[in-house]
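Data first, discussion second: the structure below is written as structure tokens.
No lab work stands behind these numbers, since they all come straight from the coordinates. For clarity, every value in this text was computed on a predicted model and none was experimentally measured. Neighbour counts are summed over all protein chains in view; Cβ atoms, including those assigned to glycine, are modelled from backbone coordinates with ideal geometry.
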Amino acid sequence: IDWATLFKRTFASDALACGRCHGRMRPLELVTDEELARTLLDRMGLPSDIPEVLPPHDPADHSTGPPTDQLSFEDIQDMTDHSGPQLLRLAPSDAI
């Protein structure tokens, strides 16, 4: 199963639907260079700082750990992806 299908099943959101025209987008490239990723995120007005990695905690102990009711999808993704900044650039499929 490809990543977009898994994303849609998990978050009930179509990652490849254009937010403006609702057309289909397709990946252009995966950005793994940290400096380029920061530049692109800054230009889009998105946070580009690497979040603080929290220490592990006992899932049974609800008194520690992050307040999960205040976390966004991006926060969770940032906490679980330790490979460094990455950005998947997408474009409308009719623009290519």
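Annotations for the structure displayed:
- Between Asp49 and Glu34, the modelled labels are 1.6 nm apart [label points 7 Å from Cα along Cα→Cβ].
- Once the chain from Arg26 to Phe11 is taken as fully extended at 0.36 nm per residue, the excess over their C-alpha distance is 3.5 nm.
- Take each peptide in 38-45, 5-12, 49-56, count the other Cβ atoms within 10 Å of every residue, and average; sorted highest first, the result is 38-45, 5-12, 49-56.
- The orientation-averaged projected area of the convex hull spanned by the Cα atoms of the range 1-57 comes to 6.3 nm².
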